[in-house]
1. Anything in the stretch 92-108 that is more than 7 Å from the ligand (Cβ to nearest atom) and in contact with a helix residue (DSSP H, G or I) (Cβ under 8 Å, 6 or more places away or on another chain)? List them, or say none.
2. If Tyr74 satisfies every condition in (1) surrounded by 10 or more Cβ atoms within 10 Å (Cβ to Cβ); (2) at pLDDT below 90 but one, which is the exception?
3. Taking the stretch 92-108, which residues are aliphatic (A, V, I, L, M) and in a helix (DSSP H, G or I)?
4. So, in the stretch 52-91, of the ones that are among the hydroxyl-bearing types (Ser, Thr, Tyr) and assigned to a loop (DSSP other than H, G, I, E, B), which residue ends up nearest to the ligand (Cβ to nearest atom)?
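The values are calculated or read from the model by the stated rules, or taken from the named source; none is laboratory data. Model, not experiment: these values are computed from the prediction. Cβ placement follows ideal geometry from the backbone for every residue including glycine, while neighbour counts extend to all protein chains displayed.
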Amino acid sequence: MATPFCATAFRLTFPPSAPVPGFGRGRARRGVVAVRAEAETAGGTGINPAIRKEEAKVVDTVLAGELSKPLTPYCRCWRSGTFPLCDGSHVKHNKATGDNVGPLLVKK
Ligand code: FES
(Lines give C-alpha, C1' and ligand atoms only; values in the text may rest on other atoms or scores of the structure.)
Protein backbone atom coordinates (compact mmCIF):
# COMPACT_ATOMS: atom_id res chain seq x y z
CA MET A 1 0.00 0.00 0.00
CA ALA A 2 1.26 3.45 -0.86
CA THR A 3 2.19 5.70 2.03
CA PRO A 4 1.72 9.43 1.53
CA PHE A 5 4.63 11.46 2.83
CA CYS A 6 4.09 14.89 1.39
CA ALA A 7 1.20 17.00 0.21
CA THR A 8 1.71 20.42 -1.30
CA ALA A 9 -0.71 22.90 -2.79
CA PHE A 10 0.30 25.06 -5.73
CA ARG A 11 -1.54 28.11 -7.00
CA LEU A 12 -1.65 28.08 -10.77
CA THR A 13 -2.55 30.98 -13.01
CA PHE A 14 -3.67 30.25 -16.57
CA PRO A 15 -3.67 32.67 -19.51
CA PRO A 16 -7.17 34.04 -20.33
CA SER A 17 -7.49 32.05 -23.56
CA ALA A 18 -6.43 28.70 -22.11
CA PRO A 19 -9.04 26.13 -21.06
CA VAL A 20 -8.57 25.27 -17.41
CA PRO A 21 -9.04 21.59 -16.53
CA GLY A 22 -12.08 21.34 -14.30
CA PHE A 23 -13.02 24.99 -14.83
CA GLY A 24 -13.60 25.29 -18.60
CA ARG A 25 -12.84 28.20 -20.91
CA GLY A 26 -14.04 31.66 -19.90
CA ARG A 27 -14.67 30.77 -16.27
CA ALA A 28 -12.35 30.77 -13.28
CA ARG A 29 -8.74 31.53 -14.17
CA ARG A 30 -7.18 30.55 -10.89
CA GLY A 31 -7.24 27.28 -9.05
CA VAL A 32 -5.47 25.41 -6.36
CA VAL A 33 -4.21 21.97 -7.28
CA ALA A 34 -3.23 19.63 -4.47
CA VAL A 35 -0.32 17.36 -5.34
CA ARG A 36 0.32 14.35 -3.17
CA ALA A 37 3.59 12.49 -3.54
CA GLU A 38 3.58 8.88 -2.45
CA ALA A 39 6.29 6.40 -1.67
CA GLU A 40 6.24 2.70 -1.12
CA THR A 41 8.88 1.03 0.96
CA ALA A 42 9.45 -2.49 2.10
CA GLY A 43 8.55 -2.64 5.76
CA GLY A 44 8.36 1.02 6.57
CA THR A 45 7.00 4.40 5.78
CA GLY A 46 8.68 7.19 3.91
CA ILE A 47 11.15 7.19 1.07
CA ASN A 48 14.16 5.87 2.98
CA PRO A 49 13.86 2.11 3.48
CA ALA A 50 17.01 1.43 5.52
CA ILE A 51 19.76 4.05 5.41
CA ARG A 52 20.94 5.38 8.82
CA LYS A 53 17.45 5.01 10.32
CA GLU A 54 18.87 5.62 13.81
CA GLU A 55 19.45 9.27 12.86
CA ALA A 56 16.65 11.83 13.23
CA LYS A 57 17.59 13.30 9.84
CA VAL A 58 20.10 12.07 7.26
CA VAL A 59 22.23 15.04 6.24
CA ASP A 60 25.53 14.96 4.36
CA THR A 61 27.87 17.80 3.47
CA VAL A 62 30.19 17.68 0.46
CA LEU A 63 32.87 20.18 -0.42
CA ALA A 64 32.92 20.01 -4.20
CA GLY A 65 36.50 21.24 -4.36
CA GLU A 66 37.67 18.24 -2.33
CA LEU A 67 36.12 15.56 -4.56
CA SER A 68 38.64 13.01 -5.78
CA LYS A 69 37.02 12.57 -9.19
CA PRO A 70 35.92 15.21 -11.73
CA LEU A 71 32.34 13.82 -11.66
CA THR A 72 30.88 12.15 -8.56
CA PRO A 73 27.37 10.61 -8.54
CA TYR A 74 25.30 11.01 -5.35
CA CYS A 75 22.33 8.80 -4.61
CA ARG A 76 18.81 10.21 -4.74
CA CYS A 77 16.92 6.90 -4.64
CA TRP A 78 17.88 5.88 -1.09
CA ARG A 79 18.77 2.35 -2.26
CA SER A 80 22.57 2.67 -2.57
CA GLY A 81 24.81 0.39 -0.55
CA THR A 82 27.43 3.16 -0.56
CA PHE A 83 25.09 6.02 0.38
CA PRO A 84 25.44 8.96 -0.04
CA LEU A 85 27.30 7.86 -3.17
CA CYS A 86 25.39 6.18 -6.01
CA ASP A 87 26.27 2.54 -6.61
CA GLY A 88 23.84 1.97 -9.47
CA SER A 89 21.08 0.47 -7.29
CA HIS A 90 18.62 2.94 -8.81
CA VAL A 91 18.62 0.81 -11.99
CA LYS A 92 17.17 -2.19 -10.11
CA HIS A 93 14.73 0.07 -8.24
CA ASN A 94 13.54 1.68 -11.48
CA LYS A 95 13.02 -1.70 -13.17
CA ALA A 96 11.08 -3.06 -10.18
CA THR A 97 8.85 -0.01 -9.66
CA GLY A 98 8.66 1.83 -12.98
CA ASP A 99 10.25 4.82 -11.26
CA ASN A 100 12.76 7.08 -13.01
CA VAL A 101 15.18 8.19 -10.30
CA GLY A 102 18.86 8.71 -10.89
CA PRO A 103 21.90 10.23 -9.18
CA LEU A 104 22.90 13.83 -8.62
CA LEU A 105 26.14 14.37 -10.52
CA VAL A 106 28.50 16.78 -8.76
CA LYS A 107 31.30 18.23 -10.87
CA LYS A 108 34.60 19.19 -9.30
FE1 FES B 1 20.57 5.74 -5.71
FE2 FES B 1 22.00 5.57 -7.92
S3 FES B 1 21.94 4.20 -6.27
S4 FES B 1 20.67 7.13 -7.37
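1. Across the stretch 92-108, the qualifying residues are Asp99, Asn100, Val106, Lys107, Lys108.
2. So Tyr74 meets the others, but not (2).
3. Matches in the stretch 92-108: Ala96 only.
4. Ser80
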